[in-house]
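Notes follow once the structure below has been shown.
The values are calculated or read from the model by the stated rules, or taken from the named source; none is laboratory data. Everything numeric in this text was worked out from a predicted model, so none of it was measured. Don't worry about glycine lacking a Cβ; one is built from the backbone with ideal geometry, like all the others, and counts go over all protein chains shown.
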Amino acid sequence: MNIVRPADELLDQPFWRHLAAGQLHLNACEACGAFRHPPGPCCPKCRHIGEHWAPVSGRATLQSYTTVRHPVHDRLTSAVPYVVTLVRLAEGPRMISGIPPGERYDLKVGLELECKVISYDARFALPFFVPVAQVQP
Amino acid sequence: MTTSIAGIGQTEFSVRSGRSELQLAIEAIKAAVADAGIDIDEIDGLVRYTWDNTTEAAILNALGLPRLTYYGETEFGGVNCCGAIAQACAAIEAGLASCIVFYRALNARSGTRYGRGDRILSEENGQLVNRQMEPPGDVYSAPFGLLVPGQHHALYARAYLDHYGLSDDQCAEMLGAIAVTQRAYANANPRALLRERELTMEQYLAGRIISEPLRLYDYCLETDGAMAIVITSKEKAKSLRSRTVDVLAAQQYVHPGSVPMFLYAEDTHRLVPPEAGEILFRRAGVSAQEIDVAMFYDATSIMVPMALEDFGFVERGGAHDFLTSGGNGPGGRLPINTHGGLLSEGYFHGLNSIAEAVRQLRGESPNQVDCETAFMTLRGASSMILGRA
């Protein structure tokens with residue numbers, strides 16, 4: 001089971017709909033093509049107003065990580081420990097991700113990562129990132 | 001600047017105040033105006049964090065203030081501990097008000113706890129659900145279990161350690177030196193929540209891991225209580241019988257990705273560009289080397305080495321050696337968080353650290369430093385330099 005689920009009304013948004021279909025897409029500028037995350041109405045690079053959604057390569061580098069051992073909600077007691085990561089996508093933006101539950105890797109800042117979308121049900125999937133050189137079967 | 005901090009007031013620090021946040025705020029404001037030696041009717045301005053549950057209207061009506069000619073809010077919480085002071089100073093210098101109170105009231109232990117995920121989660125059909133739009137605990141990070149600020153700080157810590165090649169043992173030496181030093185300060189501070197609990201390095205190292213690499217004692221204390229700070233013009237302050245402190249400079253500095261919770265900024269091993277410190281020190285007319293005592297907003301201990309380096313108190317990567325050699329302790333080159341900090345005195349969202357800077361400059365600290373200037377920051381997002389009047 002996943003840890004926390006976005007509210008149903010949010011799962012209608014493009015970010016989550018693309019993940020549910022199996023691929024990470026990010027919000028991008030329709031003028032200069034720069035990607036941004038979280039999504040927004042304006043490009044922070046060229047200031048053009050207007051957006052579209054485009055697939056990203058799924059390649060990223062590890063910027064930071066933490067193994068959470070203390071559950072901060074009563075319902076998370078059985079979820080700990082889990083690993084939260086801060087990654088930088090090859091396309092530029094940073095995003096929060098994690099290591100898929102049950103998988104273990106030796107982590108180090110700077111590791112090359114690739115996206116592994118894990119589906120929980122027809123509407124909800126999450127973009128985890130795992131080390132390229134250590135992919136588990 | 002031409003403004004002064006004329007008074008400080010607070011309730012006790014506790015884990016169960018037993019009264020409303022509004023009452024706590026009123027108690028702190030009354031104590032602060034008494035400390036300033038002004039009449040409560042002279043308050044004509046209020047500033048607060050947007051995260052404070054107690055509105056200006058509630059204060060105005062509960063206290064029966066004759067009028068407010070200025071009230072303003074700064075976004076978030078502790079990020080703006082010095083930003084709220086800057087706003088009050090600007091309003092006074094602009095002539096919008098003459099006597100402004102910055103207040104913060106929170107039942108952060110017996111009420112909504114910032115260290116718990118409950119405030120950004122609901123339980124629906126047996127599942128934890130999130131619909132929060134901004135960090136901490138926003139919908140793009142909460143599904144991975146990043147829910148509370150203390151977990152964000154673990155990400156800052158890991159990025160910092162990696163950048164300088166520090167091992168987890170070196171991290172524990174550095175952060176342990178902060179926790180143990182600040183606890184000793186708190187042991188001498190009659191106000192401190194943990195005044196009676198000593199902390200040794202052995203106990204620190206035995207503390208359980210909360211979010212790697214941070215341990216129990218690297219975290220601040222969820223606290224009930226309130227604090228208020230009175231800001232006036234320097235000219236008015238001179239007419240008061242209280243011991244006032246000059247605001248030499250107070251400012252905000254945020255950059256893309258740095259707020260709300262620093263998830264999306266360019267770097268994570270440092271939290272503010274050098275420009276923030278350059279502007280602040282230039283405005284204050286002093287250098288980092290001339291600062292005598294510092295208060296760094298220590299929601300977690302990792303904020304201390306990062307602030308030391310971000311503002312040039314030590315060279316980049318030099319915080320480990322500075323802290324493990326007692327640089328932050330009594331008689332050190334820069335005593336830091338001499339009240340015990342948010343780690344050991346309590347957590348009024350940074351106002352108690354401002355109050356300690358004021359006490360130091362008045363000569364009233366339980367861990368008094370010979371000082372003319374005091375520095376305060378929350379990771380550069382807001383910062384301040386105070387001087388002896």
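Give me a count of the residues in the stretch B:271-290 that are surrounded by fewer than 20 Cβ atoms within 10 Å (Cβ to Cβ) and touching a helix residue (DSSP H, G or I) at 6+ places or on another chain (Cβ under 9 Å).
Of the residues in the stretch B:271-290, the ones surrounded by fewer than 20 Cβ atoms within 10 Å (Cβ to Cβ) are B:273-275, B:278-279, B:282-283, B:285-290.
Checking which are touching a helix residue (DSSP H, G or I) at 6+ places or on another chain (Cβ under 9 Å) leaves us with B:273-274, B:287-288, B:290.
The number of residues fulfilling the criteria is 5.
Only residues that are at the interface with chain A (Cβ under 10 Å from one of its Cβ atoms) and in contact with a strand residue (DSSP E or B) (Cβ under 9 Å, 6 or more places away or on another chain) were counted in the stretch B:241-265, giving 4.
Check the stretch B:65-86 and report whether any residue there is within 14 Å of another protein chain (Cβ to nearest Cβ), within 29 Å of residue B:154 (Cβ to Cβ) and not in a loop (DSSP other than H, G, I, E, B). No; the residues of the stretch B:65-86 include none that is within 14 Å of another protein chain (Cβ to nearest Cβ), within 29 Å of residue B:154 (Cβ to Cβ) and not in a loop (DSSP other than H, G, I, E, B).
For residue B:105, are the conditions met, namely being assigned to a helix (DSSP H, G or I), touching a helix residue (DSSP H, G or I) at 6+ places or on another chain (Cβ under 7 Å), within 14 Å of residue B:24 (Cα to Cα) and modelled with pLDDT of 95 or more?
On the way: assigned to a helix (DSSP H, G or I): no; touching a helix residue (DSSP H, G or I) at 6+ places or on another chain (Cβ under 7 Å): yes; within 14 Å of residue B:24 (Cα to Cα): yes; modelled with pLDDT of 95 or more: yes.
Against the criterion (assigned to a helix (DSSP H, G or I), touching a helix residue (DSSP H, G or I) at 6+ places or on another chain (Cβ under 7 Å), within 14 Å of residue B:24 (Cα to Cα) and modelled with pLDDT of 95 or more), residue B:105 does not qualify.
For the stretch B:291-307, the criterion of being buried (at least 24 other Cβ atoms within 10 Å of the Cβ), more than 29 Å from residue B:11 (Cβ to Cβ), within 20 Å of the chain's Cα centre (by Cα) and away from chain A (no Cβ under 14 Å) is met by at least one residue. Of the strands (runs of 3 or more DSSP E) lying entirely inside the stretch A:44-132, those containing at least 2 residues that are more than 11 Å from chain B (Cβ to nearest Cβ) span A:51-55, A:59-68, A:112-119, A:125-131. Is it the case, given these coordinates, that residue A:86 is buried (at least 20 other Cβ atoms within 10 Å of the Cβ), within 26 Å of residue A:27 (Cβ to Cβ), aliphatic (A, V, I, L, M) and out of contact with any Ser or Thr (no Cβ under 7 Å at 6 or more places or on another chain)? No; evaluated as a whole, the condition is false for this residue.
A single member of B:134, B:173 is facing chain A (nearest Cβ under 10 Å) and either within 26 Å of residue B:205 (Cβ to Cβ) or not in a helix (DSSP H, G or I) (or both), and it is B:134.
Taken over the stretch A:18-34, residues that are outside any strand (DSSP E or B) and away from every other protein chain (no Cβ under 14 Å) amount to 7. Taking the condition under 25 Å from residue A:6 (Cα atoms) and either without any contact (Cβ under 8 Å) to a residue 24 or more places away in the chain or within 14 Å of chain B (Cβ to nearest Cβ) (or both), does residue A:37 pass? Yes; evaluated as a whole, the condition is true for this residue. Contact annotation: residue pairs with Cβ atoms under 6 Å, 6 or more positions apart or on different chains, pairing a residue in the stretch A:100-122 that is closer than 11 Å to residue A:87 by Cβ and touching a residue at least 24 places away in the same chain (Cβ under 8 Å) with a partner that is assigned to a loop (DSSP other than H, G, I, E, B) and small (Gly, Ala, Ser), are A:114/A:58; A:115/A:58.
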